[in-house]
1. Roughly how many debye, to the nearest 20, is the charge dipole of the chain about its Cα centre, given +1 on each Lys and Arg Cβ, -1 on each Asp and Glu Cβ, and no other charges?
2. For the chain, what log10 I(q)/I(0) values come out of the Debye formula at q = 0.15 1/Å, with one point per alpha carbon and no solvent?
3. Quick one: pull the percentage of alpha-carbon pairs in the range 152-243 with a separation above 20 Å.
4. Work from the charge dipole of the range 8-176 (Cβ charges, +1 for Lys and Arg, -1 for Asp and Glu, about the Cα centre) and give the residue of MET134, ASN96, TRP36 farthest towards its positive end.
5. Most mobile of THR86, THR227, THR12 per a Gaussian network model of the chain (Cα springs, under 10 Å)?
6. What's the whole-number percent of alpha carbon pairs in the range 21-105 lying beyond 16 angstrom?
7. Return PHE67, PHE126, PHE327 ranked ascending by Cβ neighbour count within 10 Å, so the fewest neighbours appear first.
8. Sort all Cα-Cα distances of the range 8-176 into consecutive 10 angstrom bins from zero, then give the percent of pairs in each bin up to the one containing the longest distance.
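Derivation of every value follows stated rules applied to the coordinates shown; laboratory data play no part. Since this is a predicted model, take the numbers as computed values, not measurements. As a convention, Cβ positions derive from the backbone with ideal geometry for all residues, glycine included, and neighbour counts pool all protein chains shown.
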Amino acid sequence: MKNHENDPGIQTVGKIYRDFMIDTKWSQVIDRGFIWWGDRFAQTIWAEPPFEEDGLHISKVHGEIEFIQYSEISESDQDILVDSMTLATMSGPIINPETHTISLYSSAYINEENQCWLVPLLEHAFLVQNYDAMSKANSIADIFEWKPALSDHPNSGPRTEMDDMLNLVDRVVVPTGQNPIKGLAGELFHNMASYLSGSGLVTTADDNGLTSSIPFGNEMALLRATTSERHPALGNGLLIALTLPPEEISQTWIINGGLIMELNDAGKEESLAGHSLGSWCLAEGRGAHAVTPAYVTFIPAYGCNANVFTNMVYSTLKHARFARNVFFYYNR
């Protein structure tokens, strides 16, 4: 038996399998992961081999669920698709041209020090990913006359009853979101604002969140973290949004749905992007620019705590660095 003591990725994948109480009848083991049929959509969860950095063993753990089967997809289709996915929470849409499918995708970098807060958040993200796929597949497919990407287990066939684990969202996550968020007090936002200001970023805070200006070319990107905005389905939570300055980007890039899908796809492969627990989307622009790229994460109240807030703000700062690299070709 292999020793996985220094392999946080395999440890995490195994823990997710056990915590989800997955039935072997509705799963399939793959290299460094598994495929799970919690309903009619196949979700794949896997870990990359670990690498060592600063004395830590780090592994990127992925979760992806195909939920749309398309025939052809145009630039205007991508604009509508991106607009229809603005309420996705901790996953982003990815186009898979080889299989003509659209997936929801999340990932995180797991190590020995962050497992205690990040693995529960990742489990939460993967369950909500299923919820988003099931709740959006039919409506999005109808818009384009596409089909939901229904999948059958290779041996057990089509699943006719949803796994009870997927009911956790309606039974626990949604009801928790109807109450005030516990564990995110105003002091936390003010302390983070002080830290970011001390690092050279102009940052302000109130009892509901913070805003920070981040240099981006000759302009400023805006990072905003707030608990004052509700998700229409999941209720209260933590919204973290990184909005890029359209003046810089529009000089050489067309700001549209195709650009957003490129950013999501690049983030899947790029280590500079940090944890991918959200999605690039089109946000309201400024001046002559109607829209601009933004990286948005919404963490439902059930998954919110001080560790999650602090580390997800740091992760969003990595998305700013990733975006600068994409748009300005900075040396890595």
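1. Computed charge dipole of the chain: roughly 500 debye.
2. Per q value, in the given order, log10 I(q)/I(0) is -1.36.
3. When every Cα pair of the range 152-243 is considered, 54 percent fall beyond 20 Å.
4. TRP36
5. Largest GNM mean-square fluctuation: THR86.
6. In whole percent, the share of Cα-Cα pairs in the range 21-105 beyond 16 Å is 64.
7. Lowest to highest Cβ neighbour count: PHE327, PHE126, PHE67.
8. 10, 37, 34, 16, 2, 0
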